[in-house]
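Okay, structure first, notes after.
The values are calculated or read from the model by the stated rules, or taken from the named source; none is laboratory data. What you see is a predicted model, and the numbers here were worked out from it, not measured in a lab. Heads up, the Cβs are rebuilt from the backbone with ideal geometry, glycines too, and the neighbour counts pull from every protein chain shown. The accessibility values were calculated without ligands, DNA or RNA, using every heavy atom of the protein model including side chains. Shrake-Rupley method; radii C 1.70, N 1.55, O 1.52, S 1.80 Å.
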Amino acid sequence: GRGEDFSFTLTIATSGGPVNLTNDLFKAEVRRDAGKPLVATFTVTISNPPEGGVVVVKLPKQETLKLDGNARYKWDLFRIIDGDTGDPAEGDTVRLIYGDLQVENNITDF
């Protein structure tokens, strides 16, 4: 809902186990559709240790307040693989997850 802190935990792994996220960057945004103006931004935090492959993806209250309960949005999350990790895909940008997003208008005013 609008005015709420929303978050989820994501584990990035391959068949060999968790992916080392050291020096990686993440970007996640909300828009009405591709190419439309930015509406809200997720924060993405790599959990310690980064070798565990776990990130916390959060859409904080100040961002959910930017969303209209009468509108439908789209979002996605990208991983930018750092070149210092020795990863064979270093420098690649990978879309990890995406979807539709809709919030309910809140009754309590913030």
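Remarks
- Solvent-accessible area, 1.4 Å probe, carbon plus sulfur percent, for the range 1-108: 48 percent
- Protein heavy-atom accessible surface, 1.4 Å probe, per residue over the chain: 62 Å².
- Translational diffusion coefficient of the chain (Stokes-Einstein, Kirkwood radius from Cα pairs, 37 °C, 0.692 mPa s): 218 µm²/s.
- Label point distance in nm, GLN62-TYR98, each placed 7 Å from Cα along Cα→Cβ: 2.8 nm
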